[in-house]
1. Given the condition surrounded by 24 or more Cβ atoms within 10 Å (Cβ to Cβ), in contact (Cβ under 8 Å) with a residue 12 or more places away in the chain and more than 14 Å from residue 281 (Cα to Cα), answer yes or no: does some residue in segment 124-135 qualify?
2. Taking segment 543-561 as the search range and keeping residues that are outside any loop (DSSP other than H, G, I, E, B) and either in contact with a strand residue (DSSP E or B) (Cβ under 7 Å, 6 or more places away or on another chain) or modelled with pLDDT under 90 (or both), which one is farthest from residue 501 (Cα to Cα)?
3. Working carefully through the options 321, 387, 402, 339, find the one that is more than 23 Å from residue 117 (Cβ to Cβ), modelled with pLDDT of 90 or more and in a loop (DSSP other than H, G, I, E, B).
4. Among strands (runs of 3 or more DSSP E) lying entirely in segment 426-528, which contain 1 or more residues that are of a type in the set (D, E, K, R) and modelled with pLDDT of 90 or more?
5. Among 375, 349, which is the only one that is under 29 Å from residue 146 (Cβ atoms), not in a loop (DSSP other than H, G, I, E, B) and not basic (Lys, Arg)?
6. Can you say whether residue 194 is β-branched (Val, Ile, Thr) and free of Cβ contacts under 8 Å to residues at least 40 places away in the same chain, as far as the supplied structure shows?
7. Can you give me the number of residues within segment 100-122 that are under 16 Å from residue 281 (Cβ atoms) and not hydrophobic (A, V, I, L, M, F, W, C)?
Amino acid sequence: MRLTALKLSGLIHGLRFDNLRGDLFGGITAAVVALPLSLAFGVASGAGPVAGLYGAICVGFFAALFGGTPAQVSGPTGPMTVVMAAIFMQYTSLFPDDPGKGAVLAFTVVMLGGGFQILFGLLRLGKYINLVPAPVISGFMTGIGVIIILLQLAPLLGQPVAAGPLEASRALPQVFANVVPGAALLGGFTLLLVYLWPKRLNRILPAPLLALLAGSLGLYVVSGGVIVSREVDGRTLHFLGQASILGDIPGGLPSVVFPDIDLALAADMIKSALMLAVLGSIDSLLTSLVADNITRTYHESDRELVGQGIGNAVSGLFGGLPGAGATMRTVVNVRAGGLTPISGMTHAVGLLAVALGAGALARYVPHAVLAGILVKVGTDIIDWDYLKRMRLISIAGSAMMLTVFFLTVFVDLITAVAVGMIMASLVLMKRITDMQLASITAITEPHEEAPLSPEERELLAAAGGRVLLYHMGGPMSFGAAKDMVRRLAAFDQYDALVLDLSDVPSIDYTTTRSIEDMIQRAQGSGRAVFLTGEPPQVMDMLEKHGVLAQLAEGGHLPTRREGLAAAVRGLAPVRQQT
């Protein structure tokens, strides 16, 4: 028995059996928190509440089983739901006469997204996903939070949900002009609960679950439990009194969704899948960092990506929403005692028990209550800390964040992240270039600040300002290459040039061409050129591209002192003539 436990511990990252009580309690507590959120995310996605529930079950179980963050609890999240809602609407709208086909394509995208995540993990890309800069993450997380709030304002006040954030913004005047009092009352009640419920009581009875239970029971009692069905905009909606409710929810185990790829839509499906995979990977690994901080452990990024990918692939196969590591559920799990993958799997099994037996009760849940819960989720996702510090952050960082934010809300997430990463790369390149240029020193006189040995100072002094020492330090790249040449061109009162590469560990092709240009210009003006230093990578590049061959015989010397000495010796005949 003990040998079996040891084998399982080797296969499942972080698995151990000395914390069973804490793991079981943590998993059950996380399931209680996840239940109302999963239903709400399912409704918000357009795929239905049961899709949210089975997304939490599948992703939660398999990400815990195969993932690399032992205490993490996974399932549908706000960011993933926003993207899934756009995907679900995109593909179902293409087949108005056969919405089932569109749904199958959407869930196939979820499976493909899971496959991409597995590939990310196998290619060991986890460390690169962690390189996404804070302004980019802040911009798209804040954008997603705003999208969730915009989309949920209509159902919060009793109106149908809009197709997207732009449509939701345009519809706001009409929404506020046609508020349904009963729904607005339930929505307001839910907002009060989720925002004002004391934290100490939240650990015992989570505010979202209390809102779900109290709102549903209160509406049932007031309305007398009579469900009325109506046709609204071509859809059948169910009402208790004035408020719309979830209505009938399928019970039992879900049916398998066999993947289907429409060749005409293959490019779009791959793009959508990549969007889910990239976002799910970033979302999960950020939560993994949170889990590391509160458990004082270290996650395995690539293994986590594989686990999340398997969970999402299985979720799509059973018609569930895509998911990622869920920060709130993970924190709740750890605070309740969960520390190993057993807690994440317990959370999934608990939700499965609910899915198999609570469909009849969940039908009475009002949309306004779920909308209120999601508005709280949206405000929690917004990066308030970054917004508060914005006046202290650089203009480049603020511009990056705001650009990603607006592109997330009004264009799409992939474009937002791509533009954000390009901006971040340009800012980083500018900073590196400035550092490289700052390392370049042009010296004709041995002043005190010059990094020279006493012998080198004597040699420069003996040259009488006719030798220019052009010293470069650190790795040199294309960003600084053009300015290297421009700076040298500003000097014209010298007879010999010493290009010192002693402190340059590496150069790229563009820098090689710039060094060649400097040698040709100096020699073309009748000046002697000496190149000093022997860093292996630098010499290999210069020799491979024929730069060293352009130097006169004896023009390459191993040390700066030897280069200066050779330059001074070359000046002697000129001095005799004068």
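The values are calculated or read from the model by the stated rules, or taken from the named source; none is laboratory data. Values in this document were obtained by computation on a predicted structure and should not be read as measured data. Cβ placement follows ideal geometry from the backbone for every residue including glycine, while neighbour counts extend to all protein chains displayed.
1. Going residue by residue through segment 124-135, those that are surrounded by 24 or more Cβ atoms within 10 Å (Cβ to Cβ) are 135.
Next cut, in contact (Cβ under 8 Å) with a residue 12 or more places away in the chain only: 135.
With more than 14 Å from residue 281 (Cα to Cα) added as a condition, the list becomes 135.
Yes - at least one qualifying residue is present in segment 124-135.
2. In the first step, residues of segment 543-561 are kept if they are outside any loop (DSSP other than H, G, I, E, B); the result is 543-544, 548-550, 556-557, 560-561.
Within this subset, residues satisfying the condition of being either in contact with a strand residue (DSSP E or B) (Cβ under 7 Å, 6 or more places away or on another chain) or modelled with pLDDT under 90 (or both) are 548, 556-557, 560.
On the way: 548: 13, 556: 11, 557: 11, 560: 9 Å.
Per the stated criteria, the residue is 548.
3. Working: 321 fails: more than 23 Å from residue 117 (Cβ to Cβ); 387 fails: in a loop (DSSP other than H, G, I, E, B); 402 fails: in a loop (DSSP other than H, G, I, E, B).
Just a single option satisfies the conditions, and that option is 339.
4. Values: elements: 441-443, 467-473, 496-503.
By residue number, 496-503.
5. On the way: 349 fails: under 29 Å from residue 146 (Cβ atoms).
Exactly one of 375, 349 is under 29 Å from residue 146 (Cβ atoms), not in a loop (DSSP other than H, G, I, E, B) and not basic (Lys, Arg), namely 375.
6. Working: β-branched (Val, Ile, Thr): yes; free of Cβ contacts under 8 Å to residues at least 40 places away in the same chain: no.
No, not satisfied.
7. So the count comes out to 5.
Results for (1) within 24 Å of residue 41 (Cβ to Cβ); (2) surrounded by 13 or more Cβ atoms within 10 Å (Cβ to Cβ); (3) touching a residue at least 24 places away in the same chain (Cβ under 8 Å); (4) within 36 Å of the chain's Cα centre (by Cα), shown as yes or no for each residue.
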| residue | (1), (2), (3), (4) |
| --- | --- |
| 213 | yes, yes, no, yes |
| 220 | yes, yes, yes, no |
| 223 | no, yes, no, no |
| 228 | no, no, no, no |
| 256 | yes, no, yes, yes |
| 274 | yes, yes, yes, yes |
